[in-house]
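Colleague: Have a look at this one before I ask anything.
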Amino acid sequence: MLYVGGGVIRSKASAELLRLAEATGAPVVTTLMARGAFPDSHEQQLGMPGMHGTVPAVLALQEADLLVSLGARFDDRVTGKAALFAPNAKVVHVDIDPAEIGKIRAADVPIVGDLRDVLVDLEGAYAAAAAEAEPDISEWWSYLDGLREEFPLGYAPTTDGLIAPQYVIQRIGELTGPEGIYASGVGQHQMWSAQFIKYERPNAWLNSGGAGTMGYSVPAAMGAKVAEPERVVWAIDGDGCFQMTNQELATCTINNIPIKVAIINNSSLGMVRQWQTLFYNSRYSHTDLNTGHDSIRVPDFVKLAEAYGCLAIRVEKEEDVDAAIKLALETNDRPVVIDFVVSADAMVWPMVPQGVSNSFVQYAREHSPAFGQED
């Protein structure tokens with residue numbers, strides 16, 4: 001099992017990773033910080049692991065007998081309760097920072113080095129070992145393919161008649177394509193952006209994963225557009241995150257940095273609201289923002305964007321989503337801000353609740369995969 005972290009992108013080692021993966025035939029998972037390090041379209045890609053990872057990715061890590069960790073740090077969003085993580089696995093841990101080795105999970109084979117070099121060495125070592133005895137992982141793949149078939153990534157229709165936020169984000173990815181750059185803030189829209197946009201190359205996904213910085217999206221997109229002006233750059237933001245740094249639209253307009261901003265406006269701090277719904281009996285404390293459907297709209301994002309010199313669009317019906325995205329893609333003389341008014345009841349699934357084993361991943365509310373009970 002190849003457990004791929006953001007270090008692969010930092011070391012510019014995606015090509016070396018692809019060669020190792022194809023040589024071994026091993027399943028691959030890419031963490032939140034590693035999305036794009038290995039193509040989503042590749043048959044060995046199981047998706048993102050962790051608290052909101054795909055069921056196949058989560059259970060593959062949990063049930064593997066060998067984990068090869070590549071530039072990843074075993075953080076609690078991936079491991080769940082660390083003491084219960086991958087109980088039957090031997091661990092090969094590769095990292096350039098020796099302080100990361102064994103910090104959370106003891107490594108059976110610790111390797112300190114730059115991944116771009118180490119991956120080449122690992123490929124050579126595997127080839128030498130496989131020449132003597134080729135491992136048979138067909139039964140393992142049969143199990144994982146069954147999980148992929150039974151638990152595909154998806155979402156339920158909304159119950160309030162408003163747009164599903166997952167649909168909006170999926171269409172942004174499909175209409176823009178893999179050559180675009182996507183920066184997100186923090187929260188539900190961040191998880192949906194990691195889940196529902198298909199990443200085929202490194203550096204297509206910009207994210208403040210470890211720090212969890214609300215307000216990251218707009219300035220990150222701005223920097224990406226300056227660095228690669230020929231690419232389409234989206235800032236996918238929540239209505240809470242957007243209000244942290246929306247003043248940078250002035251910088252974009254004045255300096256001709258035509259980013260596209262998609263506000264996933266559920267009129268709330270969505271991830272906090274999801275936890276309040278699931279774990280606090282729907283006691284909503286300080287999470288309603290009054291920016292979206294059936295509210296006083298403070299601020300009104302369309303008026304705000306127009307004041308900053310942007311093309312401003314509001315979308316409240318699913319049938320208008322594609323037209324708005326296409327208009328944004330056609331507009332390159334100024335920034336574009338689209339206020340997508342979406343359902344506040346949509347949740348991020350799958351989910352591993354805080355503080356438990358990854359074996360307890362829930363595919364949807366009240367729906368967990370079948371697995372053997374832990375001792």
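The values are calculated or read from the model by the stated rules, or taken from the named source; none is laboratory data. Predicted model only: the values in this text are computed from it and were never measured. Because the Cβ atoms are built from the backbone with ideal geometry, glycine has one as well, and the counts that use them run over all protein chains shown. Side chains included, ligands, DNA and RNA excluded: accessible areas come from the protein's heavy atoms. Shrake-Rupley method; radii C 1.70, N 1.55, O 1.52, S 1.80 Å.
Colleague: Rank-order 247-260, 17-30, 176-189 by packing density, defined as the average count of other C-beta atoms within 10 Å over each peptide's residues, highest first.
Modeller: Working: 247-260: 18.1, 17-30: 21.4, 176-189: 23.1.
Listed from highest to lowest mean packing, they are 176-189, 17-30, 247-260.
Colleague: What is the percent carbon and sulfur in the accessible area of the range 156-199, measuring with a 1.4 Å probe over the protein chains and ignoring ligands? Working shown, then result.
Modeller: Details: 740 of 1340 Å².
That share works out to 55 percent.
Colleague: Still on this model: Out of all Cα-Cα pairs in the range 1-115, roughly what percent, to the nearest whole number, are more than 21 Å apart?
Modeller: Numbers: 1715 of 6555 pairs.
When every Cα pair of the range 1-115 is considered, 26 percent fall beyond 21 Å.
Colleague: So, for the chain, what is the accessible surface per residue at a probe of 1.4 Å, expressed in square angstrom? Show your work: numbers first, answer last.
Modeller: Numbers: 16280 Å² over 375 residues.
Each residue of the chain exposes 43 Å² on average to a 1.4 Å probe.
Colleague: Hey, another quick one. Which order do Asp114, Asp294 take by accessible area at a 1.4 Å probe, largest first? Don't skip to the answer; put the middle values down first.
Modeller: Numbers: Asp114 60, Asp294 140 Å².
The ordering from most to least exposed comes out as Asp294, Asp114.
Colleague: If amide H atoms are built 1.01 Å from N in the plane of the peptide, which residues on other chains or at least 5 residues away come under 5 Å of the amide H of Leu66?
Modeller: Lys90
Colleague: Taking every pair of Cα atoms in the range 149-307, average 1/r, invert it to obtain the Kirkwood radius, and report Rg/Rh to two decimals. Walk me through the numbers on the way to the answer.
Modeller: Details: Rg = 15.9 Å, Rh = 16.4 Å.
Rg/Rh for the range 149-307 comes to 0.97.
Colleague: Between Asp114 and Ser282, what length comes free when the chain is fully extended (0.36 nm per residue of separation minus the Cα-Cα distance, one decimal in nm)? Please report the intermediate quantities before stating the final value.
Modeller: Details: separation 168, 0.36 × 168 = 60.48 nm, distance 4.68 nm.
Fully extending the segment from Asp114 to Ser282 adds 55.8 nm.
Colleague: Sticking with this one: Check Gly50: other-chain or 5+ apart residues with amide H under 5 Å from its amide H, H built from backbone geometry?
Modeller: Here Val58 satisfy the definition.
Colleague: Need the C-alpha centroid separation for the range 10-80 versus the range 274-309, integer Å.
Modeller: Spelled out, the Cα-based centre of one part sits 34 Å from the other.
Colleague: Can you give me the pair-distance distribution of the range 69-110, C-alpha pairs, 10 Å bins, whole percents?
Modeller: For the range 69-110, the pair-distance distribution reads 31, 61, 8.
Colleague: Ok, one more. Which percent of Cα-Cα pairs in the range 118-165 sits in each 5 Å bin, short to long?
Modeller: 5, 15, 10, 10, 12, 12, 11, 7, 5, 6, 5, 2, 0
Colleague: Related question: Compute and list, largest first, the equivalent-ellipsoid semi-axes of the range 276-343 from the alpha carbon gyration tensor, each √(5λ) rounded to a whole angstrom. Don't jump to the answer; show the numbers that get you there.
Modeller: Numbers: eigenvalues 165, 45, 18 Å².
Those come to 29, 15, 10 Å.
Colleague: Please sort 67-76, 326-335, 129-138 by packing, taking for each peptide the average over its residues of neighbouring beta carbons within 10 angstrom, highest first. Could you put the intermediate results ahead of the total?
Modeller: Values: 67-76: 23.5, 326-335: 15.9, 129-138: 10.2.
In descending order of packing, they fall as 67-76, 326-335, 129-138.
Colleague: Where does the range 183-227 land on Rg(C-alpha)/(2.2 N^0.38 Å)?
Modeller: Details: Rg = 10.3 Å, N = 45, 2.2 N^0.38 = 9.3 Å.
Dividing the Cα radius of gyration by 2.2 N^0.38 Å gives 1.10.
Colleague: Still on this structure: Convert each backbone phi in the range 31-48 into a coupling constant with the Karplus relation 6.51 cos²θ - 1.76 cosθ + 1.60 (shift: θ = phi - 60°), then list the ³J(HN,Hα) values in order as whole Hz, x for Gly and Pro.
Modeller: Values per residue, Gly and Pro as x: 5, 3, 7, 10, 4, x, 5, 9, x, 5, 7, 6, 5, 8, 7, 9, x, 8 Hz.
Colleague: Determine, from the Cβ-Cβ distance of Glu318 and Tyr143 and an R0 of 41 Å, the FRET efficiency 1/(1 + (r/R0)^6), rounded to the nearest 0.05.
Modeller: For R0 = 41 Å, the calculated efficiency reads 0.65.
Colleague: Here's a follow-up. Restricting to the chain, compute how many DSSP beta bridges are antiparallel as a %, nearest 5. Could the numbers behind the result be given before it?
Modeller: Values: 3 of 43 bridges.
Antiparallel bridges make up about 5 percent of those DSSP assigns within the chain.
Colleague: Just need the Rg to Rh number for the range 231-314, please, alpha carbons only, Kirkwood Rh. Please report the intermediate quantities before stating the final value.
Modeller: Details: Rg = 14.6 Å, Rh = 14.0 Å.
Rounded to two decimals, Rg over Rh is 1.05.
Colleague: In addition: How many percent of the accessible area of the range 5-93 is carbon or sulfur, using a 1.4 Å probe?
Modeller: Working: 1490 of 2870 Å².
Summing carbon and sulfur atoms, their accessible area is 52 percent of the total for the range 5-93.
Colleague: Here is a follow-up. Calculate, axis by axis, the spread of Cα positions in the chain along the three principal axes, and write the results as whole Å, longest axis first.
Modeller: Principal extents (Cα only, largest first): 67, 46, 36 Å.
Colleague: A follow-up question, please. Considering only protein heavy atoms and a 1.4 Å probe, what is the carbon-and-sulfur percentage of the accessible area of the range 231-375? Kindly include the intermediate steps, with their values, before the conclusion.
Modeller: Values: 3280 of 6730 Å².
The computed percentage sits at 49.
Colleague: Let me ask something additional. Could you put Val120, Val94 in order of accessible surface area, largest first, with the 1.4 Å probe and the full protein assembly present? If you can, show how the numbers build up before the last one.
Modeller: Details: Val120 70, Val94 0 Å².
The ordering from most to least exposed comes out as Val120, Val94.
Colleague: Related question: Apply the Karplus parameterisation 6.51 cos²θ - 1.76 cosθ + 1.60, with θ equal to phi minus 60°, to every residue of the range 232-239 and state each ³J(HN,Hα) to the nearest whole Hz, in sequence, with x for glycine and proline.
Modeller: 6, 10, 10, 9, 9, 10, x, 5
Colleague: By the gyration tensor of its Cα atoms, with a ≥ b ≥ c the square roots of the eigenvalues, what is the shape of the range 112-214: rounded for a/c under 1.5, prolate for a/b over b/c, or oblate?
Modeller: Working: a/c = 2.83, a/b = 1.62, b/c = 1.74.
It is oblate, given that a/c is not under 1.5 and a/b is not larger than b/c.
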